[in-house]
1. Taking the range 14-30 as the region of interest, how many residues are touching a Phe, Trp or Tyr at 6+ places or on another chain (Cβ under 8 Å) and either exposed (fewer than 15 other Cβ atoms within 10 Å of the Cβ) or at pLDDT below 95 (or both)?
2. Considering Ser109, Ser86, which residue is among the polar types (S, T, N, Q), more than 18 Å from the chain's Cα centre (by Cα) and over 15 Å from Met162 (Cα atoms)?
3. Looking at the structure I just gave you, is Leu214 of a type in the set (A, V, I, L, M, F, W, C), closer than 9 Å to Ala70 by Cα and in a helix (DSSP H, G or I)?
4. Please state which one of Ala145, Ala176 is over 25 Å from Met55 (Cα atoms), touching a residue at least 60 places away in the same chain (Cβ under 8 Å) and not hydroxyl-bearing (Ser, Thr, Tyr).
5. Looking at (1) surrounded by 13 or more Cβ atoms within 10 Å (Cβ to Cβ); (2) modelled with pLDDT of 95 or more, find the lone condition where Gln11 falls short.
6. When residues of the range 140-174 are filtered for being within 23 Å of Ile219 (Cα to Cα) and part of a helix (DSSP H, G or I), how many remain?
Amino acid sequence: MPRPSALEPPQSRWDFPRTAEAQAALAGPTEVVGTGADLQPGTVLSAYRCGLFPMPVGNRLAWWSPDPRAIIPLDGLVVSRSLRRSCRRFEVTFSAAFDDVIAACADPSRPGGWITGPMRSAYSLLYSLGWAHSVEVWAPAGDLAGGLYGLAIGGFFAGESMFHRQRDASKVALVALVGALRREGAGLLDVQWPTPHLASLGAVEVARASYLELLRKAIALPQVQLEG
């Protein structure tokens, strides 16, 4: 049975700051704009529309707005020759095994794991409503070799986490995601924080104010569909 096309949930009872100035004032020297609230679908979507995303700090639910923010320009992905060869070795699907992907990303044995049970449940519910998506990378033998998941609003995609069990499998998922977003006419791929690994794939840093302007334009685009 096909999934719904992004059903809008009840509105959140929480308000999030929408401007760079307001977020900077609340975050101060940190990147946490606030703590608390809830992980209801309406709350999570409202936060992303304001440029925030949830990630726990200890036992507290925190709402983050990194400055600078890392994005991957959809025309700027760096694909090496060896990665192109890896892309030919795997089969890729979209939103076909979301539960398996988020379970692998949430594996508690992974270093720096942050995907708690409530976080996993929240994104699984958003998946059932048509907002969250996964990219699956399958080995020739049929095993799940890697993947990623994230959230799409209009032409905006927020990459949340990725994993690999075979060499280059998570990178193959990213290549497939960027290709799909370009075909769908998307406008923004957010990868949250800059890292050397993401920079090697073409990620760049943008100031909070610039990011929020890119976000505003992207979420006004038609809803991307990442299925099949």
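1. Result for the range 14-30: 0.
2. Only one candidate qualifies: Ser86.
3. So Leu214 does not fit the description; no.
4. Only one candidate qualifies: Ala176.
5. Among (1) surrounded by 13 or more Cβ atoms within 10 Å (Cβ to Cβ); (2) modelled with pLDDT of 95 or more, the lone unmet condition for Gln11 is (1).
6. Residues meeting the conditions: 2.
For every residue, the table says whether it meets (1) assigned to a helix (DSSP H, G or I); (2) under 17 Å from Arg208 (Cα atoms); (3) among the aromatic types (Phe, Trp, Tyr); (4) touching a residue at least 12 places away in the same chain (Cβ under 8 Å).
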position: Arg18; (1), (2), (3), (4): no, yes, no, yes
position: Leu26; (1), (2), (3), (4): yes, yes, no, no
position: Thr30; (1), (2), (3), (4): no, yes, no, no
position: Ala47; (1), (2), (3), (4): yes, yes, no, yes
position: Pro54; (1), (2), (3), (4): no, yes, no, yes
position: Asp67; (1), (2), (3), (4): no, yes, no, yes
position: Asp75; (1), (2), (3), (4): no, no, no, yes
position: Ala96; (1), (2), (3), (4): no, no, no, yes
position: Arg110; (1), (2), (3), (4): no, no, no, yes
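Let's see how each residue does on (1) farther than 20 Å from Trp114 by Cβ; (2) of a type in the set (Phe, Trp, Tyr):
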site	(1), (2)
Ala20	yes, no
Leu26	yes, no
Ala62	no, no
Phe90	yes, yes
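The values are calculated or read from the model by the stated rules, or taken from the named source; none is laboratory data. In this text the structure is predicted, and so the values were computed from the model without any measurement. Note: ideal-geometry Cβ built from the backbone for every residue, glycine included; neighbour counts use all protein chains shown.
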